[in-house]
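S.K.: One structure, pasted below without further comment.
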Amino acid sequence: MSYAVAASEATLQSRILATVATLELPSTLRVTSTTWARHSSLHANSHARFEIPAGDIDDYERLEHLGDADLTRFVTHLIHSKYPALVVGARTAIRAACVQNSTLAVISKALGLPDLLEAHHTQLDNMRHNEKTQADLFEAYIAAATLERGASEVDEFLEKIFSPLVDSAYRKLREDHEEGLAPVATPVAVVARVPTPAPALARAVVVRGDTGSTVRRTSFNAQRDYISPITISGRGGVARQLAWTDFQTGASHIPHFYVTLTVTLPRGGGEFTFTGEGTTKKGAKNFTAYQACVQFGLA
């Protein structure tokens, strides 16, 4: 099979980003605290190993961590409330597409959050245009708004944004399931929103463009096994917990598979989610594993 990606292939993530572009976003909720917009480069505090010393200037790092959990909770419940019969694999793929960096960055820019970023003047311009920083700001803002205004009001705000995205993603998956898919080439993977990796894993080479496309410094080889390296516990000194989910769409004679891998690192190293698509379950799983191998320097 040829693995050249068809130019007309409408991926789940491209559908999500197209929907974001059409949204009439709600007005931002007023938040008095500015901590959510303050980057650590603005002050010269040393990195705290356990707790921040009294009197040190705070930044958005902990709020981003809290907002990440808030957002994941909200989108998970939203998917369940709108489509309670949907299988877990489909739910996971929809959630991953909704909360990944490229999606949150576009929303953050549309709301004007990067313009409010406070950082050292030598880094400010670059950080305002950095996709991960834009996504982090959105999550930190959500956490700050929840703390000040309560979860109920913030959930109403989030529903206006994410309800259309969930609906759009659901329709895409239903189209795949009901109409079937013509044979396609290499599946396009989705790297979901992830925390900053631990220093030992700083070799990640996934780079995202403004369109959500992924540029890689290594090439996918369909004949190579990428599942074994990521499965072997302790490879490269990293102990990992892996959780795989999958589901199938399309007609029985031309099925299409979505496989999601969640990798949890020990000692607070973060949780990473990767989703791949393919015309065979094995191929989709191998491509998903390839994304993880690239992220952890195993490819």
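The values are calculated or read from the model by the stated rules, or taken from the named source; none is laboratory data. The model shown is predicted, which means the values in this text are computed figures rather than measured ones. Every residue, glycine as well, gets a Cβ built from its backbone with ideal geometry; the counts of neighbours run over all protein chains shown. Quick note on the areas: whole protein, heavy atoms, side chains included, nothing else; ligands and nucleic acids left out. Shrake-Rupley method; radii C 1.70, N 1.55, O 1.52, S 1.80 Å.
S.K.: Among all residue pairs at least 6 apart or on different chains, which show Cβ distances below 9 Å where the first residue, located in segment 114-130, is within 16 Å of E61 (Cα to Cα) and open to solvent by 80 Å² or more (accessible area, probe 1.4 Å) and the second is among the hydroxyl-bearing types (S, T, Y) and in a helix (DSSP H, G or I)?
M.R.: If the second residue must be among the hydroxyl-bearing types (S, T, Y) and in a helix (DSSP H, G or I), the pairs left are L116/Y141.
S.K.: Let me ask another. If you go through segment 241-254 one residue at a time, how many are surrounded by fewer than 19 Cβ atoms within 10 Å (Cβ to Cβ) and modelled with pLDDT of 80 or more?
M.R.: Count: 5.
S.K.: Which ones in segment 221-240 are at pLDDT 80 or above and either in contact with a Pro (Cβ under 9 Å, 6 or more places away or on another chain) or within 22 Å of A97 (Cβ to Cβ) (or both)?
M.R.: Y226, I230
S.K.: Let me confirm something: among T103, T122, which residue is polar (S, T, N, Q) and part of a helix (DSSP H, G or I)?
M.R.: Values: T122 fails: part of a helix (DSSP H, G or I).
Criteria check complete, one pass: T103.
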